[in-house]
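The values are calculated or read from the model by the stated rules, or taken from the named source; none is laboratory data. Quick caveat: nothing in here was measured; it's all calculated off a predicted structure. Every residue, glycine among them, receives a Cβ derived from its backbone with ideal geometry; neighbour counts consider all protein chains shown.
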Amino acid sequence: MNHFIKTTLFLSLIFLFASCKKDKSETDSTLNVETFSPEIIELPAVLTESSGAYYDNAIGEHLWTFNDGGNPTDLYKINISNGSLEQTKTLRDGTNKDWEAIATNENSFYIGDFGNNAGDRTNLLIYIISKNDLAASDTVDFEIIPFAYENQTDFTPSNDHNFDCEAMIHLDDKLFLFTKNRGNNQTHVYTLLDVPGAQIARLYDTLHVDGLITDATINSEKSMIALLGYTRDDGQYNPFIWLLYDYPDMDFLNGKRKRIELPIKEQTEGLTFKDSETLYFTCEEEMGEDAFLWSFDVGKWR
């Protein structure tokens, strides 16, 4: 699909907002497309399965991303202005069983190797990478957080389980994991400390999302969290975004919520805030289609 067709399709989208709780209900709305200007960048050919994303404007505008399971343990730095691959960083002696998400704090990157399609993994972990080490060398060392879910006792392979995970944010010295529930189309939220060492992921809450969550991100002001996901109908992807905002004291599950339906048929996998109200998301290369980066402003939709 060429750039013109993708742009035309995205400009024609209608966004539907819905709430999970009656006391937080929102009136369905239609976006005024005249105020919407998407930006579409084709990702480098090496990124066939971009699975997580982090926007970095320390020097210029860049996107850190990576491919998911079975690919090299490489982090790719992409120039957003032209889509070129600028740097490749490799984890020394790491593995990519199923990389799915990236989160950050001031000093570190956290890479979630916790994709769990069949629900049978007993080697879930998160890599911790120093930002200083990443800047200094093309091959970097790491620490790890091996973990298990506190309520998983059955590891029989299944297509109908609630222990896959592709989404993570960092907040207040904790990592929050949002599961991709194949069993009930909801997401469980688990917490881990952001320090190395074996841990048990504690169940924090459940969010009714009516779909499969594939990534999460929080803006720099900590005032909004976005969740990316999709449903599938007759083999087609139907992506959506949930916005969580206006929450008290970082209690992000007790604020306002809106769901945005995206009328594109892409496998959306990576999500990051560019600024307080601008999101980037990536899609995988699918059935001969190129992998793209999309950009849009959520500020007018709250």
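Spot the failing condition for Ala136; the list is (1) in contact (Cβ under 8 Å) with a residue 12 or more places away in the chain; (2) loosely packed, with under 13 Cβ neighbours inside 10 Å; (3) within 29 Å of Lys274 (Cβ to Cβ), and only one is missed. Unmet for Ala136, out of (1) in contact (Cβ under 8 Å) with a residue 12 or more places away in the chain; (2) loosely packed, with under 13 Cβ neighbours inside 10 Å; (3) within 29 Å of Lys274 (Cβ to Cβ): (1). Give the residue that is surrounded by the fewest Cβ atoms within 10 Å (Cβ to Cβ), with candidates limited to residues of segment 65-84 that are of a type in the set (S, T, N, Q), in contact with an Asp or Glu (Cβ under 9 Å, 6 or more places away or on another chain) and closer than 13 Å to Ile111 by Cα. So the residue we want is Thr73. Considering segment 277-302, the residues that are at pLDDT below 85 and among the charged types (D, E, K, R) include one that is nearest to the chain's Cα centre (by Cα), namely Glu284. Does segment 177-184 contain any residue that is touching a residue at least 40 places away in the same chain (Cβ under 8 Å), under 26 Å from Ile241 (Cβ atoms) and in contact with an Asp or Glu (Cβ under 7 Å, 6 or more places away or on another chain)? Yes, the conditions are met somewhere in segment 177-184. In segment 192-223, what residues are part of a strand (DSSP E or B) and under 21 Å from Phe109 (Cβ atoms)? The answer is Leu192, Leu193, Gln199, Ala201, Ile213, Thr214, Asp215, Ala216, Thr217, Ile218.
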